[in-house]
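First up is the structure itself, then whatever we jot down about it.
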Amino acid sequence: MSARRATSKWVWASRGLGEAVKTLAVVGMAGSGKSVVTSHLQTRGMERIYFGDLVLRGVEERNLPLTSGNERLVREDMRRAHGMAAMAMLSLPLIRKALESGPVVIDGLYSFAEYKLLRKELGDDLVVLAVACSRSLRYERLAERPVRPLTADEAESRDMAEIENIEKGGPIALADHTVLNDGDTASLLAAVDELLLGLRLIQRH
């Protein structure tokens with residue numbers, strides 16, 4: 001699924017006079033629709049900070065083939081060196097720099113340690129948006145996706161590993177807002193836009 005094109009009827013707005021522009025972190029389990037929402041927020045003018053870029057650069061710097069195994073190797077090395085909040089800690093300078101120009105969407109917030117660090121450092125400037133749907137629908141989407149599809153057993157194994165090893169459920173459970181993605185893309189993105197209006201992060205012309 002892909003995000004709709006941006007239209008001219010939306011513009012970004014601050015939440016209130018003198019208040020800082022918010023940072024939105026999009027969270028959810030695999031197959032929930034995080035990427036669709038993140039792409040849509042980019043079309044709304046938000047700069048994307050992708051935690052995974054740190055891992056991809058690490059793979060390239062080691063002159064390794066870009067595979068999921070090598071990505072995992074680099075990610076685990078980074079967490080051994082900097083702790084479970086490594087991705088958030090190393091991305092903070094990028095987030096703060098981007099916020100000087102406008103709103104930011106964080107893509108790749110997974111661990112509870114990352115969430116706690118960002119909440120501590122950004123405070124009320126951080127809004128966490130969870131994307132959710134039924135497990136059966138997520139697994140159906142993961143099986144049908146064109147890049148690295150997963151069987152139901154593989155998807156369940158990934159879920160368990162992410163919940164047990166990095167406490168991925170923490171940021172989802174503590175999200176400030178949740179959108180349900182159990183229909184089509186248009187319905188999901190309409191719900192996201194209504195949420196942004198409610199937060200006074202965007203406004204109609």
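For segment 68-85: of the residues being without any contact (Cβ under 8 Å) to a residue 12 or more places away in the chain and under 19 Å from Lys120 (Cβ atoms), which is surrounded by the fewest Cβ atoms within 10 Å (Cβ to Cβ)?
His82
Give me a count of the residues in segment 151-162 that are under 20 Å from the mean Cα position of the chain (by Cα), hydrophobic (A, V, I, L, M, F, W, C) and surrounded by 12 or more Cβ atoms within 10 Å (Cβ to Cβ).
1
Among the listed residues Leu196, Leu189, identify the single one that is under 26 Å from Gly102 (Cβ atoms) and modelled with pLDDT of 95 or more.
Leu189
Could you please find all residues in segment 167-196 being under 15 Å from Val37 (Cα atoms), of a type outside the set (D, E, K, R) and in contact with a Phe, Trp or Tyr (Cβ under 9 Å, 6 or more places away or on another chain)?
Leu196
Mind counting the residues in segment 31-53 that are surrounded by 17 or more Cβ atoms within 10 Å (Cβ to Cβ) and either part of a helix (DSSP H, G or I) or in contact with a Lys or Arg (Cβ under 9 Å, 6 or more places away or on another chain) (or both)?
Qualifying residue count for the region: 11.
Checking Val55 against (1) more than 24 Å from Glu167 (Cβ to Cβ); (2) touching a residue at least 12 places away in the same chain (Cβ under 8 Å), which test does it fail?
Every condition holds for Val55 apart from (1).
Quick one: is Lys116 basic (Lys, Arg), under 21 Å from Ala25 (Cβ atoms) and in contact (Cβ under 8 Å) with a residue 12 or more places away in the chain?
Here the answer is yes, as Lys116 does meet what is asked.
If Leu137 meets every condition in (1) touching a residue at least 12 places away in the same chain (Cβ under 8 Å); (2) within 18 Å of Val55 (Cβ to Cβ); (3) not charged (D, E, K, R) apart from one, which number is that one?
(2)
Of the residues Leu94, Leu64, Leu54, Leu41, which is over 16 Å from the mean Cα position of the chain (by Cα) and not basic (Lys, Arg)?
Leu64
Can you tell me which residue within segment 94-142, out of those that are polar (S, T, N, Q) and over 20 Å from His40 (Cβ atoms), is surrounded by the most Cβ atoms within 10 Å (Cβ to Cβ)? So that I can check it myself, show each step before the final result.
Of all residues in segment 94-142, those polar (S, T, N, Q) come to 101, 111, 134, 136.
Checking the rest, the ones that are also over 20 Å from His40 (Cβ atoms) come to 111, 134, 136.
Working: Ser111: 23, Ser134: 12, Ser136: 9.
Looking at the filtered set, the residue picked out is Ser111.
Sort out which residues of segment 72-126 are part of a helix (DSSP H, G or I), among the hydroxyl-bearing types (Ser, Thr, Tyr) and within 20 Å of Leu199 (Cβ to Cβ), and write them in order of number.
Once the filter is applied, which keeps residues that are part of a helix (DSSP H, G or I), among the hydroxyl-bearing types (Ser, Thr, Tyr) and within 20 Å of Leu199 (Cβ to Cβ), segment 72-126 yields only Tyr115.
Taking only pairs six or more apart or across chains, which ones have beta-carbon atoms under 8 Å, a first residue in segment 89-109 that is within 15 Å of Val26 (Cα to Cα), and a second residue that is surrounded by 20 or more Cβ atoms within 10 Å (Cβ to Cβ) and among the basic types (Lys, Arg)?
Qualifying pairs under 8 Å: Pro103/Lys22; Asp107/Lys34.
The values are calculated or read from the model by the stated rules, or taken from the named source; none is laboratory data. From a predicted model like this one, the values you see are computed outputs, not experimental measurements. Cβ coordinates were reconstructed from backbone atoms using ideal geometry, including for glycine residues, and neighbour counts include every protein chain displayed.
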